[in-house]
Amino acid sequence: MPNTPATAASDQHAPIPVLFLSGPPGAGKSTAMGTFRRRYPGLIHFGVRVFFEQQMELGTELGRQAEWYHINKIWHPDELIFAGITSWLDTNLPGATCAVFEGFPRNKTQALALDRVLADRGLRVDRTVYLDVPDEVCTARVMNREVCTNCDTIVAEAIPIPDSACARCGRQLVRRPDDGQQNFRRRLDRQRQGAEELLAHYEELGVLVRIDGTNPPAQVAAALETAAVAVQTATR
């Protein structure tokens, strides 16, 4: 279990809504977040891959520790992820209006550890939004997408064209290495293994909302926004 030391930060920040966006790989979490973030000034967002890629680009100690796992396409150990989360929270909480964890935690053990980290800061997961998407839909989406190397924009139903450019920033579109069929199947199987207990944990806490992730991206983002508004209203 990750070592999550207590902190005195709970009396330094005003409580803000905390959302957890979960679902299998290919469910549309990043796409929904792209729309959702633009509607929420002050929102802070934690995703394991994005966070550690940023740390590697900055050359931080966390980035150096994460590099081997990133290169070898192996999930980062819990201890490293929670070191990242505590650093991210303490850096970004001042001035934040809402916090979203995307795709993490992945199992109940990680969820309990996250509960403790948040409680140390006077926070909790106020709403867990799970995108329900069948395996075959997730697979079809991932096998037919490309991603911008610069701004992480996802292009669905992409036609592989050498040196194709992102419509948003003009940089190159590529297939993610972990979107290969074998790697993706392994990611999907591992997510499914931890999902049942994870969702049962948040259902027991009364914070779980399920959304049909096969709906259009704008509709999924709107449902996510509805959940956030409900949480913000309740916490005022």
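The values are calculated or read from the model by the stated rules, or taken from the named source; none is laboratory data. In this text the structure is predicted, and so the values were computed from the model without any measurement. All Cβ positions, glycine included, derive from the backbone under ideal geometry; neighbour counts span all protein chains shown.
Some values worked out for this structure:
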item	result
Test: Arg171 is surrounded by 12 or more Cβ atoms within 10 Å (Cβ to Cβ) and modelled with pLDDT under 65	yes
Residues located in the range 119-161, provided they are part of a strand (DSSP E or B) and modelled with pLDDT of 85 or more	Arg127, Thr128, Val129, Tyr130, Leu131, Asp132
Single match in Asp115, Asp90, Asp120, Asp126 (criterion: free of Cβ contacts under 8 Å to residues at least 40 places away in the same chain and more than 14 Å from the chain's Cα centre (by Cα))	Asp115
Failed item, numbered, when Gln110 is tested on (1) out of contact with any Asp or Glu (no Cβ under 8 Å at 6 or more places or on another chain); (2) surrounded by fewer than 21 Cβ atoms within 10 Å (Cβ to Cβ); (3) at pLDDT 95 or above; (4) not aromatic (Phe, Trp, Tyr)	(1)
Residue that is among the charged types (D, E, K, R) and at pLDDT 95 or above, where the choices are Arg116, Arg49	Arg116
Residues of the range 185-225 that turn out to be farther than 12 Å from Ala32 by Cβ, in a helix (DSSP H, G or I) and not hydrophobic (A, V, I, L, M, F, W, C), as a count	15
Count - residues of the range 120-136 that are surrounded by fewer than 20 Cβ atoms within 10 Å (Cβ to Cβ) and either in contact with a Cys (Cβ under 8 Å, 6 or more places away or on another chain) or under 21 Å from Ala227 (Cα atoms) (or both)	3
Every residue from the range 57-69 that is of a type outside the set (S, T, N, Q) and more than 17 Å from Arg190 (Cα to Cα)	Glu57, Leu58, Gly59, Glu61, Leu62, Gly63, Arg64, Ala66, Glu67, Trp68
Boolean, Gly95 is over 15 Å from the mean Cα position of the chain (by Cα), more than 19 Å from Ala32 (Cα to Cα) and either at pLDDT 85 or above or of a type in the set (Ser, Thr, Tyr) (or both)	yes
Pair list, Cβ under 6 Å, 6 or more apart: the range 180-206 residue crowded, with 17+ Cβ neighbours inside 10 Å, other residue of a type in the set (Gly, Ala, Ser)	Leu198/Ala111; His201/Ala111
